[in-house]
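Comments concern the structure below.
The values are calculated or read from the model by the stated rules, or taken from the named source; none is laboratory data. Computed from a predicted model, the values in this text were never measured in an experiment. Cβ coordinates were reconstructed from backbone atoms using ideal geometry, including for glycine residues, and neighbour counts include every protein chain displayed.
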Amino acid sequence: MKTQKQTYTLWTYDVWEGPDGPFVNDRYWQGEITVRVKGTLHKVGTPYEFTSFEPTNNQLNRAIGARGLEWDGEASYTLYAEDRHGKPVCELVRGGE
């Protein structure tokens, strides 16, 4: 199976508690990380066969030295992490490949 090297810029958040819950007040540049992602083959054996490369929560957490974060977003653009309480923690912005 093919792999793809994905490079992201890590931004951590300054989170404040507001009347409607936590919100991001500011973000701070922390450097770049690289993740090697295994491809997943879709629509095998059809003319529409393609491979997607989506990093797992475990891969992303390991890459930034975190535990228990849940990631959402588009791996081709920006991924956002929340802790187990739904509080925003950081983001990974794709680039630098």
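Worth a mention:
- Qualifying residues in the range 31-45 (those that are exposed (fewer than 13 other Cβ atoms within 10 Å of the Cβ) and under 20 Å from the mean Cα position of the chain (by Cα)) - the one farthest from Leu79 (Cα to Cα): Thr40
Table: residues versus (1) modelled with pLDDT under 95; (2) among the basic types (Lys, Arg); (3) over 15 Å from Val93 (Cα atoms).
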position: Arg36; (1), (2), (3): no, yes, yes
position: Tyr48; (1), (2), (3): no, no, yes
position: Thr51; (1), (2), (3): yes, no, yes
position: Asn58; (1), (2), (3): no, no, yes
position: Ile64; (1), (2), (3): no, no, no
position: Gly68; (1), (2), (3): no, no, yes
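- When the criteria are applied in full, Trp16 fails the requirement of being crowded, with 16+ Cβ neighbours inside 10 Å, at pLDDT 95 or above and among the aromatic types (Phe, Trp, Tyr).
- Qualifying residue in the range 78-91 (condition: at pLDDT below 95, under 12 Å from Gln6 (Cβ atoms) and not basic (Lys, Arg)): no
- Identification of strands (runs of 3 or more DSSP E) wholly contained in the range 1-81 with 1 or more residues that are in contact with a Phe, Trp or Tyr (Cβ under 8 Å, 6 or more places away or on another chain) yields 3-18, 21-38, 40-42, 70-73.
- Counting the residues of the range 1-37 that are among the charged types (D, E, K, R) and in contact with a helix residue (DSSP H, G or I) (Cβ under 9 Å, 6 or more places away or on another chain) gives 1.
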